[in-house]
Amino acid sequence: MKKTIYLAVLLLAIVSFNSCGPAYVSIEPAYVEYERPMRPSVNHIWIEGDWNWSSQSRTYQQGRGRWEQPRNGRTYQQGHWKLGPRGKTWQKGRWN
């Protein structure tokens, strides 16, 4: 009985950790062009929407972009697709 419980807990842990990792695809999803909302001010920059993994549909969903104020002394690096041995995965945009 103890072995069965131990194996069940171990299997649950493996499945849980496996689902937390990055999601890989062989082909990038098609980009959908959205109409940008009006720019709030000349100081704002456009940040493209990131791709977010949906564990329900097991696909990447495109997020909408947004206007943001630049951060002092930092630049924004747009998100991009990164090719690895298991396929492509999305690297979210970030401030550097």
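Residue order for Val32, Val25, fewest other beta carbons within 10 angstrom first, comes to Val32, Val25. Computed from label points 7 Å out along Cα-Cβ, the spacing between Gln61 and Tyr31 is 2.1 nm. Summarising the label geometry, the points placed 7 Å from Cα in the beta-carbon direction at Asn96 and Tyr24 lie 2.6 nm from one another.
Every number here is computed from the coordinates shown, using simple stated rules; none is lab data. Computed from a predicted structure; not experimentally measured. Cβ coordinates were reconstructed from backbone atoms using ideal geometry, including for glycine residues, and neighbour counts include every protein chain displayed.
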